[in-house]
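In what follows, a single structure is set out as structure tokens and then discussed.
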Amino acid sequence: MDIRRRPLKSSRFSAASGVHSDTKASDALPLPLYLTNAVFFTLFFSVAYYLLHRWREKIRNSTPLHVLTLSELAAVFSLIASFIYLLGFFGIDFVQSFISRNELEASEVRRRFVLREKDPDRTDMRCSDFSIDRPAIKSSCSVEDEDIVKSVVSGEIPSYSLEAKLGDCFKAAQIRRLALQRLTSRSLDGLPLEAPNMDIRRRPLKSSRFSAASGVHSDTKASDALPLPLYLTNAVFFTLFFSVAYYLLHRWREKIRNSTPLHVLTLSELAAVFSLIASFIYLLGFFGIDFVQSFISRNELEASEVRRRFVLREKDPDRTDMRCSDFSIDRPAIKSSCSVEDEDIVKSVVSGEIPSYSLEAKLGDCFKAAQIRRLALQRLTSRSLDGLPLEGFDYDSILGQCCEMPVGYVQIPVGIAGPMLLNGCEYSVPMATTEGCLVASTNRGCKAIYASGGASCVLLRDGMTRAPVVRFPSAKRAAELKFFLEDPLNFDSLSVIFNKSSRFARLLSIQCAIAGKNLYIRFSCSTGDAMGMNMVSKGVQNVLDFLQTDFPDMDVIGISGNFCSDKKPAAVNWIEGRGKSVVCESIIKGDVVAKVLKTTVPALVELNMLKNLTGSAIAGALGGFNAHAANIVSAIFIATGQDPAQNIESSHCITMMEAVNGGNDLHVSVTMPSIEVGTVGGGTQLASQSACLNLLGVKGASHESPGANSRLLATVVAGAVLAGELSLMSAIAAGQLVKSHMKYNRSSKDITKIGSERPFS
């Protein structure tokens, strides 16, 4: 979500950039960095000049250089100390520019690292999938990752193998996303890659940029610049310090016994003194670096949460207060604190004084309404909503059209199957699902279809239906209206009345059925690029109002009488169709069946007959003569903002397979009479769903040919179903179904430890 942030006055935030700024190592210095640098600069050159002057005099007087006075010895110590400081600290801002990087970029990097996959072996750092100020397609990443992206685009590396090759699920998704955008020349802006507010458990990472002890992201440390690991460097300087200290004490004891001045040094003693000073300064400044950094960096989980909340502030330019958190990390959600004013509202909602559904209207802030509703819900139920994200979503976009009384949102991963070659064009199909193997299986089907020359799809019908039920005093009067409506002479006048409801609605047909004195009237109309339920309902209401004049004894029982039939399995949809009626076919070559699908043509034909046809008939299936069409339909519906409940009739499908070309090749087809989709209205307007539609090239309404985008989407759905059917049937025929699901569709969690969480015991 593109949420604007305002500058924060906290010392941990940059007022200039308005984004989080990490505490620096230089903050521990007693003076500002520029003053400290100036002091050591002056000290270094002053003592250097003094020593050069003194040693020049010694050379002129033939005095040994290693014979030092106390002032010269102090000058040597000062020179060494200032040199070591300048060597290690003078360029600290310059070094930190590499360590911290640009603050906006660093904030984004931290957010992504916090949400890394649970892979204990990952040691690489992810590149950004796209920068904040540039389109996703023009995004940049590291040279290594750029090479991988190019390999995926060229086809050298299969997209489905990225997880296995990289060993990093997030990076694989990131690179696949980049490659997909470049291949399709379409942006996926709006489809989030990360979830900044998901509480994801992290496993220890081996990279030096992560803490193996805590298993959470650790900001880059100053110690990362050391040539050796910190523990080895400390060990070296420890050994050096105590060794030279012992040597010097031993030598000075002998000098005391022999009445030799202590400041008269041999070259070995002078080297020992230098080593002692150097090791002492190192140990003083660096030995406790982990301990010091624990204060500088603080607890990483807490710091990550603080950054997340500040970055996701509301788009309110007048807002000066910091939002109360809906729940803290270590405290139950119901114990969360907020401002006194918000606390009063929460209590009013809990007591019932303020209805929960009225919060948006009363507060004028959709996010705050969801936040308060969430708090009240947790207190009422005594159950935590940890894990259900609240921030990072535009609640204004759903007000009055998508969801009422929100308390958060559910995240579903979106995978890409394809490219799918359909009617001569390539499509990358977005699928939102939590079922393992589904995207991979559909992708394999797309590969087999592509290798065989693609699939062809034909739209048979396009008409959304609505069927009101009306009642008459007698069956005779009901029959009279039936005859009137089915008379072709009356259709034109009824069409004029119906079409007034919308500039896209066009009445196509009227079908009637009688049950006693009740009449069911099934109107069918085209609806442009909208799915069209509301559109057809308005047209039906216009016609009913018109008919009331000639049939005053008509009693309208309901605008929907289930003869439509919407969101229910019904033979009328299976036979007559509803929405888009589509047939899709492809001829799969025999060698592709063997190499890609790992089975044979006769095995697939036999399995389809016994499973999809005979088996479904025995089960009394209604429109279910397929293997798993609903899987693919549901996944695409969720990804593209369709009504998931309409998956019921949209998944009506009969899959046919037969051997052709002398039994060498396989002809496979799917016939789907009632795919109900749209590209405008409803959930298609949300950012993520809109991005998925954009990926397919069907975002919004078609200006050239109204309805073209929704019809194309229906053909894509049918093509994806064809691919899914082909792959699953092949897996069953080859005996691979159980094996693949055991490998890819089983959780590693101990379900005995997962239970209903209560904030209070």
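Descriptive notes on the structure:
- Residues of region 340-398: accessible area per residue with a 1.4 Å probe, Å²: 45 Å²
- Packing-based ranking, highest mean first, of 408-414, 727-733 given that Cβ atoms within 10 Å are counted: 727-733, 408-414
- Note on region 541-664: lysine pairs with Cα distance below 21 Å, sequence gap of 8 or more or different chains, count 4.
- Long-range lysine pairs (8 or more apart or interchain), region 435-546, Cα under 22 Å: 4
- Here the Karplus curve 6.51 cos²θ - 1.76 cosθ + 1.60, taken at θ = phi - 60°, turns the phi angles of region 534-547 into couplings of 5, 4, 5, 5, 5, x, 4, 4, 4, 5, 5, 5, 5, 5 Hz, with x standing for Gly and Pro.
- For region 340-398, the relative contact order works out to 34 percent when only alpha carbon pairs closer than 8 Å and six or more residues apart are counted.
- Distance between modelled label sites at Asp147 and Phe77, nm, 7 Å Cα→Cβ extension: 5.3 nm
- Pairwise alpha-carbon distances in region 573-634 exceed 18 Å for 53% of all pairs.
- Taking a ≥ b ≥ c as the square roots of the eigenvalues of the Cα gyration tensor, an a/c ratio of 1.5 or more together with a/b no larger than b/c marks region 340-398 as oblate.
- Spherically averaged projected area of region 468-558 from its Cα convex hull (nm²): 5.3 nm²
- Estimated translational diffusion coefficient (Stokes-Einstein, Kirkwood radius over Cα pairs, 10 °C, 1.306 mPa s) of region 564-603: 120 µm² per second.
- Karplus-based coupling profile of region 645-657, in residue order and whole Hz: 5, 7, 4, 4, 7, 5, 8, 4, 7, 10, 9, 10, 9, with θ = phi - 60° in 6.51 cos²θ - 1.76 cosθ + 1.60 and x standing for Gly or Pro.
The values are calculated or read from the model by the stated rules, or taken from the named source; none is laboratory data. This is a predicted model, so every value here is computed, not measured. Because the Cβ atoms are built from the backbone with ideal geometry, glycine has one as well, and the counts that use them run over all protein chains shown. Only protein heavy atoms, including side chains, enter the accessible area calculation; ligands, DNA and RNA are left aside. Shrake-Rupley method; radii C 1.70, N 1.55, O 1.52, S 1.80 Å.
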